[in-house]
Amino acid sequence: MDYLDLCPDKVENYEQKLNNFYTEHIDADEEIHYCLEGSGYFDVRDRDDKWIRIWIKAGDMIVLPAGIYHRFTLDTSNYVKLMRLFVGEPVWTAYNQPQEDHPSRQGYTNNFVENSGIVLQAHSVE
Ligand SMILES: CSCCC(=O)/C(O)=C/O
């Protein structure tokens, strides 16, 4: 477990980090983010490759399976504090899209997209 306090005063290379977080990528391991303060957006792809935007605020938790394409950005609050939970040692390597041959991507596709009864689908909001 670690904490990420994402604001300009507390993070080295703030702009670069934000750019990296907003570049579409996968991770090799599952990541759980619990929002302690502030807010922001996680975007994930639905099965038709449309973005689903998830707004997280204090008290919200999101589980990102290994291999899911995603990205993160702040909202107008410009601040988020996240508790990040993971199994074993944290590996913060982001694999930028496309990663169709990466084992975690193949695992995600097989387990969540092909064999899941739950269909992730984006809905447009008027
Ligand atoms: C602001 S934490 C989310 C950044 C991210 O997308 C990621 O995969 C970190 O490992």
Checklist outcome for this item: Kirkwood Rh for the chain from C-alpha pairs, in Å, is 15.3
Checklist entry - What order do you get for 68-81, 6-19 when each peptide is scored by the mean count of other beta carbon atoms within 10 Å, highest first? => result 68-81, 6-19
Next on the checklist: With the cut-off at 18 Å, tell me which of the pairs Lys17/Lys57; Lys10/Lys81; Lys50/Lys81 have Cα atoms farther apart than that.
Outcome noted: Lys17/Lys57; Lys50/Lys81
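Every read-out reported here was derived from the displayed coordinates using simple, explicitly stated rules and does not represent laboratory data. From a predicted model like this one, the values you see are computed outputs, not experimental measurements. Counting neighbours? That spans all protein chains shown, and the Cβs are built from the backbone with ideal geometry, glycine included.
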